[in-house]
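Asker: Below: one structure in C-alpha cells.
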Amino acid sequence: MQLKRGAFTLLEVLISIALLSLVLLALYSSLSMLRSSNTQLFEHLKKAEIEKKVTETLFLDIAGSEGKIDIKRDEFSRLCIEHSVNSLYNLASSKICWIISKDKKNLLRTEGNNYKLPIESEQKVAVDIVMSNMEVFQVYYNKVSVLVVLKQVGKEPVSFMVHGINEPIKKKKKIIKKRRKKRKPPPK
C-alpha cells in the first residue's frame, strides 16, 4: 500500500524552524553591527563638522584682522585680534580672543567691543566654548603669515596657515602748514 504524502512531518517543520531562527539571528546581528557603525560614523562626521567650523571661524578671524594680532603664551595660550571684520554677533569691528581655559582645557572664543582680559562682570562680551580637551593651541605670526596648530587629546593635530596678513599700517601724522595768505593790494 502506498501512502500519499500531502504534508510535512513534525520533524521536518521543527528542522525548518531551527534553520530559519539561525538565519534570522545572523541577519539581526549584522543589522545591529550596521546600526552601530552608522552611529559611530555620524558621531565622527559631527565632530569633523565642528572642527571644520572652528578652523574656518579662526581662519576668517585672522584673515579679517588687518594685522592687529597679539599672541601671548603665559598661563593661558591666547590669540587676541584687536579689530576683526569677522563677527559672529554682527559687530561692526570687534575684538576677538581665542583662549585656552586652565581648568578644563577648553578652547574659548570671546567677542566684544574693546574689553580687557581678564573679563570683568560689567563688560559685555560673548564667550563661546568651541573645542574641548585641547592639548595644543599654538599660533605663530611673522610679518605676512600666521600658522595655527590645534590638537585635541587623542586626535590628530590640525594646522593651517593664513597668508597675506599685513602689519598694521601706522598712520602718518598730518602736518598742517599754515599758508600765508597774500594780501591783495588795496584798489587804487
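Read the figures in this text as sums done on the coordinates, not as results from a lab. Keep in mind it's a predicted model, so treat the numbers as computed, not measured. Positions of Cβ are backbone-derived with ideal geometry, glycine not excepted, and every protein chain shown enters the neighbour counts.
Asker: Using helices alone, I'd like the mean residue ellipticity at 222 nm for the chain: each DSSP H run of four-plus residues gives -39500 (n - 2.57), total over residue count, nearest 500. List each step's numbers first, then the result.
Answerer: Values: 1 runs with 54 residues, N = 188.
Result for the chain, helices only: -11000 deg cm²/dmol.
Asker: Rounded to whole Hz and in sequence order, give me ³J(HN,Hα) for segment 85-90 from the Karplus expression 6.51 cos²θ - 1.76 cosθ + 1.60, θ = phi - 60°, writing x for Gly and Pro.
Answerer: Computed from phi, the couplings for segment 85-90 are 7, 8, 10, 7, 10, 6 Hz.
Asker: Give the long-range amide H neighbours of Ser94: residues separated by 5 or more places, or on another chain, with amide H under 5 Å away, using H modelled in the peptide plane at 1.01 Å from N.
Answerer: Sorted by chain and number, the residues that satisfy this are Ser84.
Asker: Assigning unit charges at the beta carbon (Lys, Arg +1; Asp, Glu -1) and nothing else, what dipole magnitude in debye, to the nearest 20, does segment 1-76 show about its Cα centre? Before the final figure, lay out the partial values.
Answerer: Details: 10 positive and 10 negative charges, 143 e Å.
In debye, rounded to 20, segment 1-76 gives about 680.
Asker: With a sphere of radius 9 Å drawn around the Cβ of Glu82, what net charge do the other residues whose Cβ falls strictly inside it have (Lys, Arg +1; Asp, Glu -1)? Write out the running numbers ahead of the final one.
Answerer: On the way: positive: Lys68, Lys95; negative: Glu66, Asp70.
Result for the neighbourhood of Glu82: 0.
Asker: In the chain, with Lys and Arg counted as +1 and Asp and Glu as -1 at Cβ, which of these residues, Trp98, Ile81, Gln40, has the Cα nearest the positive end of the dipole, that is, farthest along it?
Answerer: Of the listed residues, the answer is Ile81.
Asker: Additional query: In percent, what relative contact order does the chain have, based on Cα pairs under 8 Å that are 6 or more apart in sequence?
Answerer: Values: 246 pairs, mean separation 24.0, N = 188.
This gives 13 percent for the chain.
Asker: Let me ask another. Using only Cα atoms, tell me the angle between helix 10-63 and the longest principal axis of the chain; keep it within 0 to 90° and round to the nearest 10.
Answerer: Helix 10-63 and the main axis of the chain meet at about 0 degrees.
Asker: While we're here: Could you list the chymotrypsin sites (Phe, Trp or Tyr not before Pro) in segment 1-101 that lie in coil according to DSSP, counting only those with at most 12 other Cβ atoms within 10 Å of their Cβ?
Answerer: Qualifying residues, ordered by number: Phe8, Tyr89.
Asker: For segment 115-130, just list the computed ³J(HN,Hα) in residue order, Karplus coefficients 6.51, -1.76 and 1.60, θ = phi - 60°, integers in Hz, with x standing in for Gly and Pro.
Answerer: My calculation for segment 115-130 gives 9, 10, 8, x, 6, 9, 5, 7, 7, 8, 9, 8, 10, 10, 7, 9 Hz in order.
Asker: Let me ask another. Could you give me D for segment 25-81, from Stokes-Einstein at 10 °C and 1.306 mPa s, where the hydrodynamic radius is the Kirkwood radius over C-alpha pairs? Units µm² s⁻¹, please.
Answerer: Diffusion coefficient, whole number: 107 µm²/s.
Asker: Right, another one. Under 5 Å between amide H atoms, partner at least 5 residues away or on a different chain: which partners does Glu135 have, H built in plane at 1.01 Å?
Answerer: When sequence neighbours closer than 5 places are left aside, the close amide H contacts are Lys151, Gln152, Val153.
Asker: Relative to 2.2 N^0.38 Å, what does the C-alpha radius of gyration of segment 45-163 come to as a ratio? Two decimals please.
Answerer: Details: Rg = 13.6 Å, N = 119, 2.2 N^0.38 = 13.5 Å.
Against the empirical 2.2 N^0.38 Å value, I get 1.00 for segment 45-163.
Asker: Round to a whole angstrom and tell me the spacing of the C-alpha centers of segment 37-63 and segment 96-167.
Answerer: Between the Cα centres of segment 37-63 and segment 96-167 lies a distance of 16 Å.
Asker: State to the nearest 20 debye the size of the charge dipole of segment 37-169 about its Cα centre, where the only charges are +1 on K and R beta carbons and -1 on D and E beta carbons.
Answerer: The calculation lands at about 180 debye.
Asker: Non-local amide H neighbours of Ser145 (under 5 Å, H modeled in plane, Pro and chain starts lacking H): which ones?
Answerer: Result for Ser145 returns Ile165.
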